[in-house]
Amino acid sequence: MESWVRFNAQSQAKERLFRATQYACTLLGYTLLKGGANSDLLTKIKQLEAHVSLVRKLMRLGNSAEALEAAKRAVHLSDCVLRLCITVAHLNRAMYFACDNVLWAGKTGLLPKLDQNKWSQRSFRYYLFALILNLTRDAYEVKLLMDRESRSVGAKGAWASPSTPLPENGELLQSAGSHASSSSISAISAGALYARLHRELHLVAAVLRNNPPLLLDLVKNLCDLFIPLDRLGLYQTGPGFVGACGLTSSILSLLTLVHPWLKLKP
């Protein structure tokens with residue numbers, strides 16, 4: 001069992017190294033193109049990127065089964081929101097890997113008549129759905145931790161800057177002893193809204209700072225999100241930005257292998 005876990009970890013590390021190499025080639029090719037590099041060098045980089053992509057597809061041939069097993073484990077989670085998000089995300093990942101396997105067969109000539117563009121679009125749609133669910137799960141985790149932090153701080157009676165609470169509009173009118181203008185009431189409401197927004201943002205920052213696995217997972221998913229959005233034509237950002245996002249998310253994924261405590265659980 002330990003040998004299988006070690007082998008699986010090594011396979012994941014190799015796949016993510018190849019992923020980082022692929023997107024580094026994408027970013028490098030874009031940078032050289034903008035710099036006016038010669039066409040031969042650009043062609044070699046594109047060929048290297050294509051070869052690395054094909055190797056990655058070969059290394060992911062068994063990932064559909066692993067994603068299905070992960071979905072089976074997620075079904076038993078006690079939290080219904082986490083159970084839904086994680087299970088459906090794994091199912092979408094399984095479909096994404098299955099489409100990727102079909103694409104590999106098409107690129108290697110096993111399925112010469114395969115419509116590769118159609119299957120590529122299909123795989124990126126599943127990839128996009130999985131990422132949206134992952135981000136939903138991250139947002140839910142942030143909300144839970146914010147609520148817990150608020151209760152903790154409220155119980156201690158120690159907000160960041162204790163101050164007199166803002167009075168209600170009716171109290172303000174009475175204390176003024178005259179008719180308050182609508183502009184002054186709007187200004188007070190805007191000030192209260194700004195103070196609440198500032199407090200919420202401060203709380204989000206504190207939660208993410210104290211939970212590195214959640215912060216890393218959130219940044220990684222946000223970086224990955226731009227890849228299917230660009231490939232599906234929903235929000236085109238260009239190869240340079242896609243390459244930078246893919247390289248960043250690949251490095252963050254490698255960090256979770258080097259330091260397992262950084263991996264978000266469950």
*Using alpha carbons only, what's the Rg to Rh ratio of the chain with Rh from Kirkwood?*
1.12
*Mind pulling the angle between the C-alpha long axis of helix 116-156 and the longest principal axis of the chain? Nearest 10 degrees, somewhere in 0 to 90.*
30
*Within the set 143/220; 34/220; 14/57; 57/107; 14/263, which residue pairs have Cα atoms separated by over 21 Å?*
34/220
*Pop out the ³J(HN,Hα) list for the stretch 72-85 in order, Karplus 6.51 cos²θ - 1.76 cosθ + 1.60 with θ = phi - 60°, rounded to Hz; leave Gly and Pro as x.*
4, 5, 5, 4, 8, 5, 6, 6, 5, 5, 4, 4, 5, 5
*Tell me, what % of the accessible area of the chain is carbon and sulfur with a 1.4 angstrom probe?*
63
*With θ set to phi - 60°, apply the Karplus curve 6.51 cos²θ - 1.76 cosθ + 1.60 along the stretch 101-106 and write out the HN-Hα couplings as whole Hz, x wherever there is a Gly or Pro.*
5, 5, 4, 4, 4, x
*Neighbour count of at most 13 Cβ within 10 Å plus DSSP loop: longest chymotrypsin sites (Phe, Trp or Tyr not before Pro)-free window in the chain*: 1-158
*Among 114, 27, 131, which one moves the most in a GNM of the chain with springs linking Cα atoms closer than 10 Å?*
114
*Whole-Å distance, taken between Cα centres, linking the stretch 45-74 and the stretch 188-207*: 42
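The values are calculated or read from the model by the stated rules, or taken from the named source; none is laboratory data. Nothing here was measured: the structure is a model prediction, and the numbers come from that model. Every residue, glycine among them, receives a Cβ derived from its backbone with ideal geometry; neighbour counts consider all protein chains shown. What goes into the accessible areas is simple: the full protein's heavy atoms, side chains included, and nothing from ligands, DNA or RNA. Shrake-Rupley method; radii C 1.70, N 1.55, O 1.52, S 1.80 Å.
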